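Working notes, structure below.
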């Protein structure tokens, strides 16, 4: 077995291939895990599911969900098995879950296994998102099983054998919107389960809401039209639903900021903790295209394309409040307020992010809208453009012929008309910069802290996967290290910021199916 490790515990480096803190101490059942145990020869057996952990009670979660807008009924962990819950030395809860370890009661006709390509993608992207500062599940390790798994990647009848692998992914909880939805559809006798599950979630993951009280620093009152004011301090479930909505809004705003497209925002793929969860056919924007979707299954309607993610998040929140209303945990007015708070939080966060990305002192809707339109018309690389933008000087006296020099590398093959459109935008942008009064050096440093130089483009994943298929895992490790610090310059690693090559646009690289 080949095992790779991620930097779950941050800072500090152990033996070759192991990245964890020397103070890390994990407990599951009666077993303690310290950094030295990651070097044990039997470690892969524990984290492939071959050898059960002493004291653990593995299980697969049952949940339902809306898939592509339609209720799919009971779903559940078809290829994910939770080993148990871990408490580390900081008192943090981490649920350890193996993805691809075999059949569960919810596998239906599938085998519950995962292939190397999809496992490498989840392993790398969960850690890349963490490096970007975006809430996410994490990857503890990846084990290559040494066994083949048959998959039909494009559902076209051309199934083939691929290397099998298992990711141990971790999160404080893997509870999803669909975890609550399912029980609300099963009749009155199951509504008590919705309440119990909500109580469990609040007690363990939102403990500050257990006994909320009115205070100057915590005001939950708001009026909705002619409805009476909503006082969330009198209902912990309503306060919890609002926080779930706001965490979700914050998450999706951060996705929009870095150009990340999830690809499968079904309600069973929405974390109740506001985490990015279930990495399948994800993708970061290369050429800016608001209608971009990395999911071949999503192509007909592009429900989950980049531009739609904020609205889909709101729709999913509406589905989440449904079970809470059905179980009489929140009122109709409270449910409406939850959705209102989602919209407000998203716009606040998105406007803040875009303002910082441009290095402005205040939000300028017209300037940003015109910029996004220009990016879309000329198919400009999203990541590289914003990184280059920090080189523009706040100087009205720059000759018109030199205005586009700082961003020229991102503006490929534009004609005279488009060049004039960009010059006009840059002139307006410079006026805003001058008005802000912030020095070029300070602004550049600030912008580079929010505009990454490196994102996990799909072609980079594929390069690492191709090498791993041949038994070479160095590219996986190298990518992992680069993505730990995506905002840093990292001399010698500039190739990881390059535009995708022509082969990157073939199916199976830029576009993947739900099973990928």
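Looking at the chain, the DSSP beta bridges with both ends there are about 95 percent antiparallel. Peptides 159-170, 425-436, ordered by how many other C-beta atoms sit within 10 Å of their residues on average, highest first, read 159-170, 425-436.
Answer rounded, prolate or oblate for the stretch 104-185, using the Cα gyration tensor with square roots of eigenvalues a ≥ b ≥ c: rounded when a/c is under 1.5, else prolate when a/b is larger than b/c, else oblate.
On the way: a/c = 2.05, a/b = 1.19, b/c = 1.72.
Because a/c hits 1.5 or more and a/b fails to exceed b/c, the stretch 104-185 counts as oblate.
Taking every alpha-carbon pair in the stretch 360-437 and binning the separations at 5 Å intervals from zero gives 3, 14, 29, 28, 19, 6, 1 percent.
I need the peptides 122-132, 50-60 ranked by packing, meaning the mean over residues of other C-beta atoms within 10 angstrom, with the highest value on top. Show your work: numbers first, answer last.
Values: 122-132: 24.8, 50-60: 14.1.
Highest-to-lowest ranking by the protection proxy: 122-132, 50-60.
Value of Rg to Rh for the stretch 322-380, rounded to two decimals, is 1.25; Kirkwood radius and Rg both from alpha-carbon coordinates.
Per the helix-only calculation at 222 nm, which mean residue ellipticity applies to the chain, given -39500 (n - 2.57) for every DSSP H run of n ≥ 4 and division by its residues, nearest 500 deg cm²/dmol? It would help to have the intermediate numbers written out before the result.
Working: 13 runs with 184 residues, N = 516.
So the calculated ellipticity at 222 nm is -11500 deg cm²/dmol.
With contacts taken as Cα pairs under 8 Å and at least 6 residues apart, the chain reaches a relative contact order of 14 percent. Taking only the Cα atoms of the chain, the radius of gyration and Dmax are 23.8, 74 Å.
Placing pseudo-labels 7 Å out from each Cα toward the beta carbon at residue 148 and residue 472 gives an inter-label distance of 2.3 nm.
Applying 1/(1 + (r/R0)^6) with r as the Cβ-Cβ distance of residue 51 and residue 412 and R0 = 56 angstrom yields a FRET efficiency of 0.55.
Ranked from largest, the principal axis spans of the Cα set of the stretch 178-356 equal 48, 40, 33 Å.
For the peptides 405-416, 460-471, the ranking by mean Cβ contacts within 10 Å, running from highest to lowest, is 460-471, 405-416.
The numbers here are math on the coordinates, done by the rules we state, and not lab data. Being a predicted model, the structure only gives us computed values, none of them experimental. Glycine gets a Cβ as well: all are built from the backbone with ideal geometry, and neighbour counts include every protein chain shown.
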